[in-house]
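Engineer: Starting off with a structure, shown below.
Read-outs throughout are calculated quantities, based only on the coordinates presented, and are distinct from any laboratory measurement. Because the structure is a prediction, the values reported are computed rather than measured. Quick reminder, even Gly has a Cβ in these numbers, built from the backbone with ideal geometry, and neighbours come from all protein chains shown.
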Amino acid sequence: MQKVKIPITLHPGKAAQHRLSYDGIVQLEKLTRLREVIQEEVGEIAVKIHCKNDEQGLVVISGNLSTHVTVTCQRCNGDLGLDLDQDFVYSPVGLDAESDDLPEVYDEVALDENGEIDVFELIEDELLLAIPLVPTHNEASCSYSAKPASFGVLKAEDDKPNPFDILKQLKKDS
């Protein structure tokens, strides 16, 4: 399959009826919420999307996303490279439709007022969910040190007499 341009919006009913498939690339700079989480501003996301109707007649949008991003390690504050590979399966629901009828294997995606879904928002949501909540290196490769960090030298304090020594003296005298 040749690489094609991934559409920004998609009418899932029509796409499923025609059994459309997309295999292409989305530029990272088009996903603003994801750029706030990661460190690099440029890159590509490999996207595969397949639209079809399942055995129950439900519209199904499935696919795969894969990319490499760099985030900040929350343990050592160094750069941490992550290979994100995320599979997804969605079935669209209308703005005020009930999603109780959907099988559990399908996630729901809401249609906008034109009956379309925002594909870039769907891609961005999936990638944001693929990033760990607290990204860290594994302990062997992390540059974090368990020894306490010191930022200067403390002056030694003079030995002060213990104020309770007077109480000890009073106790001995009585």
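Engineer: If I stretch the segment between Lys14 and Lys155 completely, what's the gain in nm (0.36 nm per residue apart, minus their alpha carbon distance), one decimal?
Structural biologist: Answer, rounded to one decimal: 43.2 nm.
Engineer: Mind ranking 9-18, 77-86 by how tightly packed they are, going by the mean number of other C-beta atoms within 10 angstrom, highest first?
Structural biologist: Peptide ranking by packing, descending: 9-18, 77-86.
Engineer: Taking the Cα centre as origin and putting +1 on Lys and Arg beta-carbons and -1 on Asp and Glu beta-carbons, what dipole magnitude results for the chain, to the nearest 20 debye?
Structural biologist: Numbers: 16 positive and 33 negative charges, 217 e Å.
Roughly 1040 debye for the chain.
Engineer: What is the calculated FRET efficiency for Val89 to Ser141, with r their C-beta to C-beta distance and R₀ = 41 Å, to the nearest 0.05?
Structural biologist: It comes out at approximately 0.75.
Engineer: If the chain between Phe164 and Leu128 were fully stretched, how many nm would it gain, using 0.36 nm times the residue separation less the Cα-Cα distance? Don't jump to the answer; show the numbers that get you there.
Structural biologist: Details: separation 36, 0.36 × 36 = 12.96 nm, distance 5.96 nm.
Stretched fully, the Phe164-Leu128 segment lengthens by 7.0 nm.
Engineer: Among the lysines in the range 1-111, how many pairs, 8 or more places apart or on different chains, have alpha carbons under 14 Å apart? It would help to have the intermediate numbers written out before the result.
Structural biologist: Details: Lys3/Lys48; Lys5/Lys30; Lys5/Lys48; Lys14/Lys52.
For the range 1-111, the number of qualifying lysine pairs is 4.
Engineer: Taking 0.36 nm per intervening residue step and subtracting the Cα-Cα distance, what contour gain separates Asp54 from Lys172 on full extension?
Structural biologist: 33.3 nm
Engineer: Treating cross-link reach as a plain straight distance, find the lysines whose alpha-carbon is under 28 Å from the alpha-carbon of Lys168, omitting any fewer than eight places away in the same chain.
Structural biologist: The qualifying lysines are Lys160.
Engineer: Next question, about the same structure. How many Å³ per residue does the convex hull of the Cα positions in the chain occupy?
Structural biologist: Per-residue hull volume (Cα only) is 273 Å³.
Engineer: Residue farthest toward the positive end of the dipole of the range 1-91, with Cβ of Lys/Arg at +1 and Asp/Glu at -1: which of Cys51, Gln86, Gln39?
Structural biologist: Cys51
Engineer: At 7 Å along the Cα-to-beta-carbon direction for both Asp107 and Glu29, put a label point, then send me their distance in nm to one decimal.
Structural biologist: 2.7 nm
Engineer: Sticking with this structure for a sec: Quick one: angle between helix 119-130 and the longest Cα principal axis of the chain, in degrees between 0 and 90, rounded to 10, please.
Structural biologist: 30 degrees
Engineer: Quick one: if the Förster radius is 30 Å, what FRET efficiency do Val4 and Thr72 give, using the C-beta to C-beta distance and rounding to 0.05?
Structural biologist: Values: r = 34 Å, r/R0 = 1.14.
That pair, Val4 with Thr72, gives E of 0.30.
Engineer: Just to be sure I follow the definition: excluding the sites themselves, where is the longest run in the chain that has none of the GluC sites (Glu not before Pro) in a DSSP loop with at most 10 other Cβ atoms within 10 Å? Each step should come with its number before you reach the end.
Structural biologist: Details: sites that count: Glu41, Glu55, Glu98, Glu104, Glu113, Glu139, Glu157.
Answer from the scan: 56-97.
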